[in-house]
């Protein structure tokens, strides 16, 4: 930073009314992105800002916007595009607080809200429009939104708009602005389509890269742990109860799992709420307000719903399900460690996803440490510590009279009463009392079963032409598995989705715990796959796993209604392959 770089907001020369509002909000020292972006934006230059979520981007583009539009006339002069309704609302609220002395009106436009108030504001000619691309495009198509006077355009979290499928809508809106305009584009990452939009619609932009090329997640303490899908609820319990208490944001893949996980955590005594797209706007705003007011310990959210979360006190992010790509990973964990605070991120990775998560790390050029979650003993000792601290914080004088009454029973000593009270508190808090309850072993999924020593077969004892030791066991002639009674399971994915036999075996072994050596015939067509299992195993798998993770996605698993047409009615003989009309002999 050079010596003439502004060090306070008063150094930027903002409109006095804006400066007065900032003083009232307690804004003194600008963040790095604000120090770098405000001078060129105030000078009228286009700017590309690459900075992490929570770095102060809204003020970085919002203050110049208000400065330029002070005392502007009627008609839309500034257009701000945001990926979600929640983010649009937050930007509007911030602009209103920064410019409350200017008298500049604005409107927030997003889907799911009534058209009436939005149309009324547009007809009134409000100068500032903040909205999501889809609803803005609706108003543009109907003629209600006139962009002919726009002078200032902001694309906030442009990469997220691309990920949500808004790239074409964004280009249509930008293409409708025919006059000269200043453009500010902010994005944590810069994928190809966003770079193309910048090249097409921006004029010699000044690029601001925060943290000198360091990844946008370098300020967050990151870790990952290997957990099969079926153990994730228990793993989440250990992650939340075994660490320092704070506000945690948990990311789940589906809306249904948000509700299920929230109910599970609530049963543990945590203050938790789900946040997903199936909730109406009023319910979502209630959750966000409770989160801002620090009334919640955990929020379980989907990616899209979490875009509305702009809270500085989130101390931890947990990726219960691995995101689809490294860019989404950056956006997720960027919800913690905001405004200069420390943050932690934990990602749960199934055995089948370890390779893909390694790709994330290479892409971000940032290794993430693998950790083991707390054991039962760790959880018990931490619970005892919390209970002890809570007892120490109680003034003994408050219960002295009651204690004296209890001691009137001569058969009860102070030690008896103290032990009974401690036991009751432990029971209420879910803290184990008995020492043998404090198992010091690793979590269940990390334990290796005791395997019997492999019996050594003397050389020369193997029957000539017969199967070796690995082929023996499981019935059938010649020691081969007997598949004649197998039940076929059906999965609606196949070769077109890149599915291979190893993927199916790995999914059943890693997710459902099915031993690989009892899996029978596997058939993969273009759009469907079939796997044979013993009837009792198939029934158990179908009961416990209505869907299974395959190549990074959840796939329904059902019983096949009949034999697959490509399979013979009878099991192949040992010398036959699973190909039509083809064999070895």
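Readers should treat all values here as calculations from the given coordinates under stated rules, not as data from a laboratory. Only a predicted model underlies this, so the values are computations on that prediction, with no experimental measurement involved. Quick reminder, even Gly has a Cβ in these numbers, built from the backbone with ideal geometry, and neighbours come from all protein chains shown.
Structure data summary
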read-out: Cβ crowding within 10 Å averaged over residues, with 157-167, 259-269 ranked highest first; value: 157-167, 259-269
read-out: Kirkwood-based shape ratio for segment 316-400, expressed as Rg/Rh from alpha carbons; value: 1.19
read-out: Length gained when the stretch residue 266-residue 393 is fully extended (0.36 nm per residue, less Cα-Cα span); value: 43.2 nm
read-out: Taking segment 79-140 and dividing mean pair separation by its residue count, relative contact order in percent (alpha carbons under 8 Å, at least six apart); value: 48
read-out: Estimated FRET transfer efficiency when R0 is 30 angstrom, pair residue 28-residue 286 (beta carbons, to 0.05); value: 0.35
read-out: Evaluated over segment 80-166, the Cα radius of gyration and Dmax, each in Å; value: 12.5, 37
read-out: Residue 230/residue 195 FRET efficiency (R0 56 Å; Cβ-Cβ; nearest 0.05); value: 0.85
